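Scroll down for the structure; my scribbles are underneath it.
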Amino acid sequence: MIIGLDVGGTHTDAVLLSSNKIEKKIKVPTDSSDLFHTILSSFTLLLENIDPKTVRRIVISTTLTTNAIVEQNMKPVGMIVSAGPGIDPSSFVDSKYYYCVSGSINHRGREKAPVNIIEIEDIAKKLKKAGIEYVGVVSKFCVRNPSHEILIKRILNKYFKKIFLGHHVSGNLNFPRRIATTHLNTAVFSLHKSFFEAVKNSLEEMGLTIPIQILKADGGTMSLESSMAFPGQTVLSGPAASIMGAIPYAPKNQDAIVLDIGGTTTDIAFLVNKTPLLEPFGIQRGEHKSLIRSLRTESKGIGGDSMIRVEDNKLVIGPERKGPAMAFGGPVPTPTDALIILGLMHEGDKEKARQGIGSIARELGLTDLEAADKIFKTCCSIILKKTFEMIDKLNSQPVYTVHEFLEGYKFSPRKILLLGGPAKYFAKKIEKLYHIKAEAVPEASVANAIGAALARTTCEVSLSADTEHGIVTAHEEDFAEPISKSFSEEDLISTAYTLLKEKAISSGADADNLDEMEVVELQKFNIVRNFSPRGKILRTKVQLIPGLIKGFEKVLQ
Amino acid sequence: MLKALNKTGLVFFPAFDWAIDPTHPEREERLLYTQDQVIEEGVFDISGIIEYKPDIVSTHDIRRAHFCVPDEKTITTQSHLISAGGAKAIADAVLTKEVKSGFALVRPPGHHSMRVSHGGRGFCHINIEAIMVEYIRSHYGVKRIAIIDTDCHHGDGTNDIYWHDPDVLFISLHQDGRTMYPGTGFTGELGGPNAKGSNLNIPLPPGTSTEGYLYVIKNCVLPILNEFKPDLVVNSAGQDNHYTDPLTNMNFSAQGYAQLTTLLKPDIAVLEGGYSIEGALPYVNLGIILAMAGIDYSGVIEPDYDPEKLKQSVSITDKIKKTIDIINAYWRQKNDLRLKAGEPGQMQVRHREIFYDTDNIFEQQKETVRICRDCGGCISIDSKAKPGKHVLCVHIPINACKSCIEAGYDFFDKAEKKKFDKVFLQDRTKDTYEIK
């Protein structure tokens with residue numbers, strides 16, 4: 001049997017699945033001041049009368065890092081970056097322990113200015129004196145040549161507990177995002193480590209001794225051990241859990257939209273042939289931009305508990321949430337109250353809901369029923385408008401080759417899958433209003449936990465070969481090997497796949513779930529000097545596609 | 001976080017799968033290192049910098065600027081159409097005011113392509129700026145446009161297309177034609193009889209450095225722009241004036257390009273040449289983007305930059321100053337020059353020979369223009385290419401007066417079909433194109 005547990009902002013959901021069915025599902029309120037206790041009590045509930053020895057997989061998704069960022073209660077850490085020519089990096093991190101140092105590597109990975117060892121020693125001593133324990137080090141173009149980061153780490157090693165290096169974060173270029181991501185990993189490490197060590201110990205006491213898997217923002221899992229190097233990857237795993245939970249119901253060979261309607265927000269995501277779309281670079285939320293691999297999702301500030309009011313004779317819904325619906329003791333009318341008035345939902349105090357919606361109706365000069373319907377329609381329209389904006393953006397993504405331009409794939413959804421409490425009511429309404437097939441996912445209220453339980457391990461590898469220099473490298477994996485002039489595209493891909501398999505297995509993937517590998521990018525260029533060819537640059541990125549583990553197809557039928 | 005002072009649009013179309021041939025300077029990876037630098041710097045994440053997808057131009061778009069012989073399809077590839085479409089996408093973003101200004105980093109380039117195009121010249125098949133400018137005139141009704149060509153080679157194609165057009169001011173800064181392809185662009189080349197002085201060619205001596213370029217911008221280009229008062233400024237932003245460029249002999253720098261952009265404030269910049277793909281382009285393009293967006297570019301310096309080595313000699317400075325005096329004098333006399341060029345209603349003829357180095361074609365032209373004080377004047381071009389076709393091309397300018405429209409149709413109607421392989425009529429007043 002397997003367990004999936006998703007700690008959300010309001011509720012924590014957990015499921016226990018056998019290969020035939022959902023054996024058990026639970027929903028408990030999240031105590032955000034004590035996530036550890038929330039997780040433990042969920043496991044205790046879930047494992048009542050269950051032999052822990054029958055559990056062979058555990059996947060946990062938490063808001064631990066997300067909360068740490070939102071509440072800004074991360075420990076101060078040191079950051080050392082070297083930029084060389086280009087945009088001034090001094091504004092990238094707002095911290096008094098942030099140092100921009102000399103040293104420069106160019107776009108081909110050639111050293112243009114050396115590291116100043118004395119400068120680094122000086123900074124190390126200052127940071128040590130300030131009580132800093134963890135330091136992140138990032139150099140521009142380190143994904144082409146990480147030698148400066150490695151050298152700086154060697155100097156710092158004796159002063160600090162752990163050093164995080166930029167080139168380990170991702171094979172993608174983007175210096176500011178790499179700095180932000182490395183900073184995040186460095187800053188949440190101690191919190192993540194102590195939290196999950198405590199979880200691990202407690203689960204062992206319950207008799208759960210199997211390795212724990214952690215859900216990432218890209219809808220894949222990684223082992224607890226590998227999460228220690230990249231704790232930032234656990235940020236925003238919640239939306240990913242829900243999207244993964246919708247996959248079984250997505251149409252084959254077609255495009256689909258996933259809408260997860262929560263209390264405060266609705267998460268929007270896209271599936272192509274049952275595979276979720278990824279962000280091209282990494283998570284971005286407002287000004288926070290990172291290289292953390294992530295599903296392509298956006299949140300719109302509208303949900304079942306969004307505040308409703310009338311401003312200038314116009315109905316306004318969200319984005320704030322003031323509490324639960326009035327029917328459940330909240331202070332202001334919400335879409336949930338409207339659903340109750342419309343006779344769709346039967347839970348809650350209908351009289352209180354009527355009070356709330358009634359006040360809105362009077363301001364708009366409508367009957368209660370008319371106002372409730374208007375609220376419901378407006379919610380649908382806000383969500384769908386945002387969704388179509390995202391699709392427009394998706395379909396107008398820049399392309400860099402003639403081939404891509406001419407073959408440009410247009411995302412054209414045939415179906416909307418809805419999750420979250422009010423999913424089934426919204427599905428019907430959207431189908432009626434927009435003439436697009438809409439369907440609430442079965443078990444919509446715990447689909448996130450199911451998604452977590454079934455998510456398979458994902459990872460990616462970026463590999464580049466330079467036949468002029470005679471070397472193939474994947475610096476992210478600390479991999480470098482000599483190659484001959486005749487190193488080909490096929491050699492590159494097979495090397496990349498070998499590295500990907502090794503990385504997946506060390507991140508906790510089991511051998512049965514390694515066949516969904518694909519080439520994401522492949523580029524080939526001649527290096528020409530003085531009008532004669534000197535060699536080739538070959539670059540590729542391969543990934544394990546986000547998806548579900550095998551053997552549980554029956555559970556969801 | 002970084003924020004652009006001016007909202008800036010970018011189209012990035014490196015055409016990673018297109019080359020003239022594998023070792024040609026105009027090949028796949030020309031913009032690879034630029035892309036690496038721009039992405040590593042996180043440019044597309046800067047608030048206020050918006051990346052647009054390139055458009056693709058239609059046959060109709062091309063037919064506003066060119067007579068393609070035998071036809072558009074034969075002399076272009078998809079890459080040319082998308083490159084021109086990149087410029088068009090930026091034009092839309094700027095003209096609809098989604099952004100304040102924009103930069104199309106596209107390839108292949110276009111500024112050596114003339115009005116009649118039988119094939120490739122100087123790595124160019126169709127003129128991406130001219131196609132964009134004509135699109136802007138037809139779609140947005142913009143009247144006065146200035147094109148400042150800062151590529152190291154004379155922008156002879158653009159110069160040819162606007163040779164007779166008094167509403168488009170074309171200024172080209174380039175390495176002296178006696179030392180550089182295409183061997184034209186001397187100070188006396190001022191435009192046709194109806195547009196004398198609205199074409200200005202500024203040849204610069206080999207070894208001109210940042211100081212010289214900025215001198216020309218400050219003491220010639222900006223004052224003339226001030227007087228001309230264009231509604232739109234386009235920069236053909238070639239990057240081969242750089243001190244590391246393998247095809248040229250100039251000493252311009254990334255800092256210089258960025259300062260030039262800050263001074264010129266182009267609404268639209270379109271990439272042209274530039275073949276130092278590792279040593280120059282990544283830094284020059286980054287400098288131009290930051291300058292357009294109004295972001296500090298003081299750190300954009302080539303790793304091997306040595307201002308002492310690149311200092312301009314006194315004799316070069318003197319030569320540049322003399323050239324500028326000549327240009328400024330011509331500009332002041334432009335109205336007189338036009339009056340002296342001929343009587344209204346007269347037909348003026350010039351004979352030309354054009355060599356297409358990229359496609360090895362030799363073209364002979366007999367161009368007839370109607371002298372007119374009210375518009376740019378209609379033009380008829382008898383063009384014979386070896387190898388190639390013999391065609392007659394009639395152009396009626398967008399702002400043509402009634403007499404010139406009539407004269408244009410007269411050229412077309414009277415052309416004997418059996419004398420030519422094809423006869424074309426480009427009527428810009430109605431945005432139509434006829435073939436007989």
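Here the residues B:I316, A:I179, ranked from fewest to most Cβ neighbours within 10 Å of their Cβ, fall in the order B:I316, A:I179. Of all beta bridges that DSSP places with both ends in the protein assembly as shown, some 55 percent have antiparallel geometry. Here the 3J(HN,Hα) profile of region A:101-114, calculated from phi with Karplus coefficients 6.51, -1.76 and 1.60 at θ = phi - 60°, is 10, 6, x, 8, 10, 8, 4, 8, x, 8, 6, 10, 8, x Hz, Gly and Pro shown as x. Spatially, region A:215-266 and region A:427-453 are offset by 16 Å when compared through their Cα centroids. In region A:460-554, a dipole from Cβ-located charges (positive for Lys and Arg, negative for Asp and Glu) runs towards its positive end, and of A:F552, A:I471, A:T498 it is A:I471 whose Cα lies farthest in that direction. The trypsin sites (Lys or Arg not before Pro) found in region A:218-309 that occupy coil by DSSP, while having at most 12 further C-beta atoms within 10 Å, are A:K252. Which percent, nearest 5, of DSSP beta bridges in chain A are antiparallel? The answer is about 65 percent antiparallel.
Look at B:T210, A:T401 and count the other Cβ atoms within 10 Å of each Cβ; fewest to most, that gives A:T401, B:T210.
Which value, in debye to the nearest 20, describes the size of the charge dipole of the protein assembly as shown about its Cα centre when Lys and Arg Cβ atoms bear +1, Asp and Glu Cβ atoms bear -1, and nothing else is charged?
Using Cβ point charges on Lys, Arg, Asp and Glu, the protein assembly as shown gives about 1040 debye.
For the protein assembly as shown, the fraction of C-alpha pairs farther apart than 45 angstrom is 42 percent. The residue list A:L173, B:S313, A:C100 was ranked by how far each Cα lies along the charge dipole of the protein assembly as shown toward its positive end, using unit charges on Cβ atoms, and B:S313 comes out on top. Antiparallel beta bridges, as assigned by DSSP with both residues in region A:131-271, represent about 70 percent of the total such bridges. Just the projected area, averaged over all directions, of the convex hull on the alpha carbon atoms of region A:245-362: how many nm²? Average projection, Cα convex hull of region A:245-362: 9.7 nm². Against the compact-protein benchmark of 2.2 N^0.38 Å, the Cα-based radius of gyration of chain A scales to 1.04. Under 5 Å from the amide H of A:V258 lie the amide H atoms of A:A269, A:F270, A:L271, A:L417, each residue being 5 or more positions distant or on a separate chain, with H modelled from the backbone and absent for Pro and chain starts.
Once you charge only the Cβ atoms, +1 for Lys and Arg and -1 for Asp and Glu, what is the size of the charge dipole of region A:403-507 about its Cα centre, to the nearest 20 debye?
Here region A:403-507 has a charge dipole of around 1360 debye.
Annotation: amide H-H contacts under 5 Å for B:H174 (H modelled 1.01 Å from N, sequence separation of 5 or more, or interchain): B:I202, B:L204. Placing unit charges on the Cβ atoms of the charged side chains and taking the dipole of region A:250-443 about its Cα centre, the candidate lying farthest along the positive direction among A:A338, A:G356, A:N395 is A:N395.
Loop sites by DSSP among the GluC sites (Glu not before Pro) of chain B, restricted to those with at most 11 other Cβ atoms within 10 angstrom, leave B:1-307 as the longest stretch without any of them. Within the shell of other residues whose beta carbon sits under 12 angstrom from the beta carbon of A:V81, the net charge comes to 0, with Lys and Arg scored +1 and Asp and Glu -1.
Taking the Cα centre of region A:460-554 as origin and assigning +1 to Lys and Arg Cβ atoms and -1 to Asp and Glu Cβ atoms, the resulting dipole is close to 460 debye. Fewest-first ordering of A:R529, B:R30, A:R108 by other beta carbons within 10 Å of each residue's beta carbon gives A:R529, A:R108, B:R30.
The numbers here are math on the coordinates, done by the rules we state, and not lab data. Nothing here was measured: the structure is a model prediction, and the numbers come from that model. Reconstructed Cβ throughout: ideal geometry from the backbone, glycine too, with neighbour counts over all protein chains shown.
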